[in-house]
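Notes to accompany the following structure.
The values are calculated or read from the model by the stated rules, or taken from the named source; none is laboratory data. These figures come from a predicted structure and were not determined experimentally. All Cβ positions, glycine included, derive from the backbone under ideal geometry; neighbour counts span all protein chains shown.
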């Protein structure tokens, strides 16, 4: 038991007065693997999960910047000219 406690203390990192344990590192690792484009199955294998739902529901988290990029990509598909084309059309109507 003592060895387990010592290993736990050695493997715990203090960052800005907060204790960051292995679970936090695993969460971060899973999230970053997804962010760099690795498949969720690869992440599952690296983390050693037998159940994909564990990887998806507990370990990987959306990153706000990734969500914004995804929304921007869909917006670009739906409106390739962006809002500037709508603004230009309104400006033309006002001038005429």
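All conditions in (1) modelled with pLDDT of 90 or more; (2) closer than 17 Å to residue 29 by Cβ; (3) assigned to a helix (DSSP H, G or I) hold for residue 75, with the sole exception of (2).
Any residue at all in region 22-32 that's surrounded by fewer than 10 Cβ atoms within 10 Å (Cβ to Cβ), at pLDDT below 90 and assigned to a helix (DSSP H, G or I)? No: region 22-32 contains no residue that is surrounded by fewer than 10 Cβ atoms within 10 Å (Cβ to Cβ), at pLDDT below 90 and assigned to a helix (DSSP H, G or I).
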